[in-house]
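Since the structure comes first, as structure tokens, the remarks are kept for the end.
The values are calculated or read from the model by the stated rules, or taken from the named source; none is laboratory data. Just so it is clear, the model here is predicted, and its values are computed rather than measured. As a convention, Cβ positions derive from the backbone with ideal geometry for all residues, glycine included, and neighbour counts pool all protein chains shown. Just so you know, the surface numbers come from the protein's heavy atoms only, side chains and all, with ligands and any DNA or RNA stripped out. Shrake-Rupley method; radii C 1.70, N 1.55, O 1.52, S 1.80 Å.
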Amino acid sequence: MEGGGRPSAAQAVLLTASTAITALLYSVYRQKARVARELEGARKVRLDGDLRAVLLEAPGRCVPYAVIEGVVRSVKETLSSQFVENCKGVVQRLTLQEHKMVWNRTTHLWNDYKKIIHQRTNTTPFDLAPAEDGSGVTVRVMKPLDAAELSLETVHEKFHPSVQSFTDVIGHYISGERPKGIQETEEMLKVGTALTGVGELVLDNATIKLQPPKQGMPYYLSSMDFESLLQKQESGVRFWKILTVIFGFATCAVLFFLLRKQYRHHRERQHLRQMQEEFRQAQERLTNPQVGTAENSRAETAPGHPCSAIHIPRAHLKKKHSHRLAFKTP
């Protein structure tokens, strides 16, 4: 606390920062909780012969947020892996990631640094079909790259270390960057993968489509079943809730500390004013003694005071003594 009883700049910054972090965490927690509630309330539909009839009865031939499970099946052509033979899929993602060490001038340590220097994603139209063939009902998956969670399997991963000469090493120490190598990764959504789709299910002419939902609800194309996907979202909600509670308690503790310090400072100032007033009164009595004498004399002559009762007999005795002397005079 400063001399005036106000919080110091560091304390004010600490309280402001903890409050802002708590508010941010609470906002993220509310968003995660809303997503989990929406996912839990999604309508579960079966991929069978009755699906078309369900959509025909739905308002606008659309289920705004539906859950459907099936296996991936390509519509026409498939994508072949560039590194694995006989590996075919409908989504392919190739990534080149640079790994290097960067010198931190603050901590004086070498830190790992990763940077994606190239990434390409290829897609081909695909459907979700029942695990058992014969029903003839499929769901066309639209805009798979817009999914909040798109489960891709890593089919190839290789690290290419960088070759460095002595001159390169010296240059890296001078520049503060030491390249480690390039990591090459290929991910695919393979044909035949069991997939859980959560999104807007709509009947467009004769085609049933699964597409990103409206109103900001998340779009999922996950290899997990629905129960596992829901548990994953709920565990994320609990994590953010715990963080919010921890930072909330920390903010309350900082606020309580500042208020307590301010209250103690107020009590000290109040006690100091009282002592100053008592000292002023004592100083006035010492510098002006007549004030104290006059007050004492007025108290003694006041009615009911013991000293006032003593003066009456003395006056009466003096009067009687004067009469006695008058009788003795010839």
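Annotations for the structure displayed:
- Scan of region 72-87 for residues that are hydroxyl-bearing (S, T, Y) and assigned to a loop (DSSP other than H, G, I, E, B), ordered by number: T78, S81
- Remark: pairs (first residue in region 44-73, among the basic types (K, R); second residue crowded, with 17+ Cβ neighbours inside 10 Å; Cβ separation under 6 Å; 6+ apart in sequence or on different chains) = K44/V67; R61/L55; R61/L203; R73/D127; R73/A129.
- Test for V75: is it under 17 Å from T138 (Cβ atoms) and either open to solvent by 70 Å² or more (accessible area, probe 1.4 Å) or of a type outside the set (F, W, Y) (or both): yes
- Selection status of T95, farther than 30 Å from V202 by Cβ and open to solvent by less than 20 Å² (accessible area, probe 1.4 Å): yes
- Qualifying residue in region 79-91 (condition: out of contact with any Leu (no Cβ under 7 Å at 6 or more places or on another chain), among the basic types (K, R) and farther than 20 Å from Y219 by Cα): no
- Annotation note: Cβ proximity below 7 Å between a residue of region 163-190 that is more than 26 Å from V90 (Cα to Cα) and a residue that is outside any strand (DSSP E or B) and among the aromatic types (F, W, Y) (sequence gap 6+ or interchain) occurs for no pair.
- Considering region 32-68, the residues that are part of a strand (DSSP E or B) and of a type in the set (D, E, K, R) include one that is farthest from the chain's Cα centre (by Cα), namely K44.
- Any hit, region 122-137, residues being over 25 Å from N205 (Cα atoms), open to solvent by 20 Å² or more (accessible area, probe 1.4 Å) and within 39 Å of the chain's Cα centre (by Cα): yes
- Under the condition of being of a type outside the set (A, V, I, L, M, F, W, C) and either within 17 Å of A58 (Cα to Cα) or modelled with pLDDT under 90 (or both), the residues counted in region 193-224 number 11.
- When L15 is tested against the conditions (1) touching a residue at least 24 places away in the same chain (Cβ under 8 Å); (2) more than 24 Å from T138 (Cα to Cα); (3) open to solvent by 50 Å² or more (accessible area, probe 1.4 Å), the lone failure is (3).
- Every residue from region 141-169 that is open to solvent by 70 Å² or more (accessible area, probe 1.4 Å) and over 25 Å from K100 (Cα atoms): K143, L145, D146, A148, E153
- For region 101-141, taking the residues that are outside any strand (DSSP E or B) and among the polar types (S, T, N, Q), the one that is modelled with the lowest pLDDT is identified as S135.
- Conditions (1) under 20 Å from T193 (Cβ atoms); (2) open to solvent by 50 Å² or more (accessible area, probe 1.4 Å); (3) touching a residue at least 12 places away in the same chain (Cβ under 8 Å); number of the one not met by H118: (1)
- E98 being modelled with pLDDT under 90, acidic (D, E) and more than 16 Å from L221 (Cβ to Cβ): no
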